[in-house]
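The values are calculated or read from the model by the stated rules, or taken from the named source; none is laboratory data. Being a predicted model, the structure only gives us computed values, none of them experimental. Virtual Cβ from ideal backbone geometry, glycine too; neighbours counted across all protein chains shown. Side chains included, ligands, DNA and RNA excluded: accessible areas come from the protein's heavy atoms. Shrake-Rupley method; radii C 1.70, N 1.55, O 1.52, S 1.80 Å.
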Amino acid sequence: MLNTLMMPTYNELVGLSTAELTKRIGLALGQVDKAEKRGESTIDKAKIYLAYKNELAKRDYKQRGH
């Protein structure tokens, strides 16, 4: 199991299944929450979360036939 997610590359993002992408979104959000509770900066962790979230949004948009 992944403990700490790093910023994914483009190729890593597009190579993930939708199920794995959804799982990583949850993990990344958890990392943001933990950093916030510890009083740490959340900027880098939020960027990782948004990278995964944006990839899922792109896929959802494409599935709608646009």
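For the chain, the longest piece that avoids every one of the trypsin sites (Lys or Arg not before Pro) found in DSSP loops with at most 10 other C-beta atoms within 10 Å covers 1-37. Magnitude of the charge dipole for the chain, about its Cα centre and with charges confined to Cβ atoms of Lys, Arg (+1) and Asp, Glu (-1), is about 160 debye.
Short-range pairs are left out: with C-alpha atoms under 8 Å and at least six residues apart, the relative contact order of the chain is 40 percent. Accessible surface computed residue by residue for the chain, with neighbouring protein chains in place and a 1.4 Å probe, gives 74 Å² per residue. What label, among (1) 31; (2) 45; (3) 40, belongs to percent of Cα pairs over 17 Å apart computed from the structure on display? Here the calculated entry is (3).
Given the options Ala35, Ala19, Ala51, state which has the largest fluctuation in a GNM of the chain using a 10 Å cut-off (strictly under) for Cα springs. Highest fluctuation among the options: Ala19.
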